[in-house]
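Chemist: Sharing a structure below in structure tokens format, with a few things to ask.
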Amino acid sequence: MLNLSFVKTFVTLVETGSYVETGKILGLSQPTVSQQIRKLEITLGTSLIHRSNSASTPTQHGRAVLPHARALLKSSEKFVMAAEGNHVSLGCSNNIATYYISSNLKKFVDHEVDPISWDIRSTTNPEIGDLLENGEIDIAATEWADPRPGTIIKPWRREPLVVVVSPTHSLAGEKFISIKKLMNLELIGGEHGSGTGTLLNKALGAKARNLKMVKNLHSTEAVKNAVRAGLGSSIILKGAIIDEVQSGHLACLSIEGITLEKTFHLALPAELPEEALPSRLANFLTQEEKYEK
């Protein structure tokens, strides 16, 4: 069986390149570091480290196992935190992490009787599903449902999308925009994989192909700044532009005749008991949304 202490010593040695520095970091003598590396190599049946006076570097096999060694150590940390039951790792799409989750998470932290610790990882919607499936996060919050084996999906909240224009745009004073006028706007796209394109295709049908998508900036913040500067218009989650609309730096319009909104979803491992911290967080978020509505 693998000894996690030996694995940690191997990873640290690769990162420092020095038996002496590895010993200092881990509180071990240099002979102990060497002994642990040798025992790990015997367990695996292969050489992991090139030994030299100048620096110790991983062999070809050492480089091959390094990412798995790091993942193993990370999993062991999560194992301990899960046993303690006071830490939750939340994965969010970039938009949810930036504009939505913080206030809800603060309410949950305040609601819990015992202190809890937390961390948030933000990336694209597809990558969040990968993180959950690989066990790197405890619960996922995404802009569309992404069912994976061994997970359950819960609808969380509905968020409207609006057309956003600069405050100097001719439509800035309007509350609605017709589909015909929408087709004449030069639109700037945001984050890839957010599901907005799919929603537009569903709502507009064949007309969606006639939308003038002139740029894609891969970031909602970048899109907002470009729209504010008058470089184009966009279709954005309404919750992402509340401050700018209130301050007069952006203007938003709803599209006449259609309902354009996203349903955010929560995903978590199916085998988690209801009393587990991620399950409690998911239940709190869904109930909080019902209360706010």
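The values are calculated or read from the model by the stated rules, or taken from the named source; none is laboratory data. No experiment lies behind these values; they were computed from the predicted model shown. Glycine gets a Cβ as well: all are built from the backbone with ideal geometry, and neighbour counts include every protein chain shown.
Chemist: Looking at Lys238, is it modelled with pLDDT under 95 and in contact with a helix residue (DSSP H, G or I) (Cβ under 9 Å, 6 or more places away or on another chain)?
Modeler: For Lys238, the condition - modelled with pLDDT under 95 and in contact with a helix residue (DSSP H, G or I) (Cβ under 9 Å, 6 or more places away or on another chain) - is not met.
Chemist: Assess whether Leu13 counts as being assigned to a helix (DSSP H, G or I), in contact with an Asp or Glu (Cβ under 9 Å, 6 or more places away or on another chain) and crowded, with 19+ Cβ neighbours inside 10 Å.
Modeler: yes
Chemist: Which one of these is out of contact with any Pro (no Cβ under 8 Å at 6 or more places or on another chain), loosely packed, with under 13 Cβ neighbours inside 10 Å and of a type outside the set (A, V, I, L, M, F, W, C): Gly173, Gly129, Gly150?
Modeler: Gly173
Chemist: Exactly one of (1) outside any helix (DSSP H, G or I); (2) within 19 Å of Pro160 (Cβ to Cβ); (3) at pLDDT below 95; (4) under 29 Å from the mean Cα position of the chain (by Cα) is unmet by Ile258. Its number?
Modeler: For Ile258, the exception is condition (4).
Chemist: Here is a follow-up. Output the number of the condition that His218 fails; it satisfies all remaining conditions of (1) within 14 Å of Asn95 (Cβ to Cβ); (2) surrounded by 21 or more Cβ atoms within 10 Å (Cβ to Cβ).
Modeler: It is condition (2) that His218 fails.
Chemist: Inside the stretch 203-215, can you point out the residues that are exposed (fewer than 14 other Cβ atoms within 10 Å of the Cβ), part of a helix (DSSP H, G or I) and not polar (S, T, N, Q)?
Modeler: Scanning the stretch 203-215 gives Gly205, Ala206, Arg209.
Chemist: Quick check on my filter: what residues within the stretch 25-48 are buried (at least 18 other Cβ atoms within 10 Å of the Cβ) and in a helix (DSSP H, G or I)?
Modeler: Within the stretch 25-48, Val33, Ser34, Gln36, Ile37, Leu40, Glu41 qualify.
Chemist: Within the stretch 261-293, take every residue that is within 19 Å of the chain's Cα centre (by Cα) and more than 30 Å from Asn86 (Cβ to Cβ) and give me the one that is surrounded by the most Cβ atoms within 10 Å (Cβ to Cβ).
Modeler: Filtering first and then ranking leaves Lys262.
To keep it simple, each residue is scored yes or no on (1) more than 15 Å from the chain's Cα centre (by Cα); (2) exposed (fewer than 15 other Cβ atoms within 10 Å of the Cβ).
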residue	(1), (2)
Asn53	yes, yes
His61	yes, no
Leu66	yes, no
Ser89	no, no
Cys92	no, no
Asn104	yes, no
Asp114	yes, yes
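Chemist: I'm trying to understand the selection: among the residues of the stretch 228-255, which are hydrophobic (A, V, I, L, M, F, W, C) and either outside the structural domain of Phe176 (by TED's automatic domain parsing) or in a strand (DSSP E or B) (or both)?
Modeler: Once the filter is applied, which keeps residues that are hydrophobic (A, V, I, L, M, F, W, C) and either outside the structural domain of Phe176 (by TED's automatic domain parsing) or in a strand (DSSP E or B) (or both), the stretch 228-255 yields Ile235, Ile236, Leu237, Ala251, Cys252, Leu253, Ile255.
Chemist: Still on this structure, please answer the following. Tell me the strands (runs of 3 or more DSSP E) entirely within the stretch 69-177 that contain at least 3 residues that are touching a strand residue (DSSP E or B) at 6+ places or on another chain (Cβ under 7 Å) and basic (Lys, Arg).
Modeler: Output list reads 151-165.
Chemist: Which numbered condition in (1) of a type outside the set (Gly, Ala, Ser); (2) surrounded by 14 or more Cβ atoms within 10 Å (Cβ to Cβ); (3) under 29 Å from Ser89 (Cα atoms) is the only one that Leu200 fails?
Modeler: If we test Leu200 against (1) of a type outside the set (Gly, Ala, Ser); (2) surrounded by 14 or more Cβ atoms within 10 Å (Cβ to Cβ); (3) under 29 Å from Ser89 (Cα atoms), just (3) comes out false.
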